[in-house]
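J.: The structure's right below; bear with me while I get my questions together.
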Amino acid sequence: MYFNGVFLLVLTLQTVAFNSFYNSADNESNHVLPTGIYGISSEKTDHELYSERDQDSYYINVEPIIALDRFVSVDVEKAGKDYEGHDHFGLTIYLDSIGKQQLTEASTTDTGVKWAFIIRGELWSAATVYHPITAGALTLTDGQYTKKYLKEIQSIIEADMAELKK
């Protein structure tokens, strides 16, 4: 689904390509950084996470830019077509009004800066913010995600959201 106007966050994601990422026992308990969107630091922090996709490590700021409690819903949506005309999908995160304000302010300040999307303490993607995001939603896509894989990630995030509400 596309909004009236440009909402789709155009990111070049460097996706972590874990085999069975969502089944890992390490991801099920004692995760250090909760699910959310975090800044990537140019200086060493206590949270260094590795991206298998780009073979690089990132230092993650401990305070999230957008915390899980600001997520209203998460959907898998068609995000465009590849060069061969096949649909590709993205994970769209809708935020509450406070999250929308946080996203607008942070993306305006951080244009050209990389952010990390953390799921249960693991780096799921690292992406560059290319422009301010004012719609209160963002879509993470790089054209390589299968719809099935994104549905599984959606389920994990929704479970984290439900746990947070308890």
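J.: Condition (residue is touching an Asp or Glu at 6+ places or on another chain (Cβ under 6 Å) and either open to solvent by 50 Å² or more (accessible area, probe 1.4 Å) or touching a residue at least 24 places away in the same chain (Cβ under 8 Å) (or both)) applied to the range 146-160: is it met by at least one residue?
T.: No, every residue in the range 146-160 fails to be touching an Asp or Glu at 6+ places or on another chain (Cβ under 6 Å) and either open to solvent by 50 Å² or more (accessible area, probe 1.4 Å) or touching a residue at least 24 places away in the same chain (Cβ under 8 Å) (or both).
J.: I would also like to ask the following. I'm told Glu63 meets every condition in (1) modelled with pLDDT of 90 or more; (2) more than 12 Å from the chain's Cα centre (by Cα); (3) within 22 Å of Leu150 (Cβ to Cβ); (4) assigned to a strand (DSSP E or B) except one. Can you identify the failing condition by its number?
T.: Failing condition for Glu63: (3).
J.: Let me ask you something else. Taking into account only those residues within the range 60-103 that are among the β-branched types (Val, Ile, Thr) and open to solvent by 40 Å² or more (accessible area, probe 1.4 Å), which is nearest to Trp124 (Cα to Cα)?
T.: Val62
J.: Quick one: what pairs do we get from the range 52-73, first residue closer than 12 Å to Phe117 by Cα, second charged (D, E, K, R) and in a strand (DSSP E or B), C-beta under 9 Å, 6+ apart or different chains?
T.: Partner pairs satisfying both residue conditions: Tyr58/Glu48; Tyr58/Lys114; Ile60/Glu48.
J.: Looking only at the range 129-145, count every residue that is out of contact with any Asp or Glu (no Cβ under 9 Å at 6 or more places or on another chain) and closer than 17 Å to Tyr58 by Cβ and tell me the total.
T.: Summing the residues that are out of contact with any Asp or Glu (no Cβ under 9 Å at 6 or more places or on another chain) and closer than 17 Å to Tyr58 by Cβ in the range 129-145 gives 2.
J.: Scan the range 131-145 and tell me whether some residue there is open to solvent by 50 Å² or more (accessible area, probe 1.4 Å), in contact with a Ser or Thr (Cβ under 8 Å, 6 or more places away or on another chain) and touching a residue at least 60 places away in the same chain (Cβ under 8 Å).
T.: Yes, that holds for at least one residue.
The values are calculated or read from the model by the stated rules, or taken from the named source; none is laboratory data. Just so it is clear, the model here is predicted, and its values are computed rather than measured. We place every Cβ from the backbone using ideal geometry, glycine too, and count neighbours over all the protein chains shown. These accessible areas exclude ligands, DNA and RNA; they are computed on the full protein's heavy atoms, side chains included. Shrake-Rupley method; radii C 1.70, N 1.55, O 1.52, S 1.80 Å.
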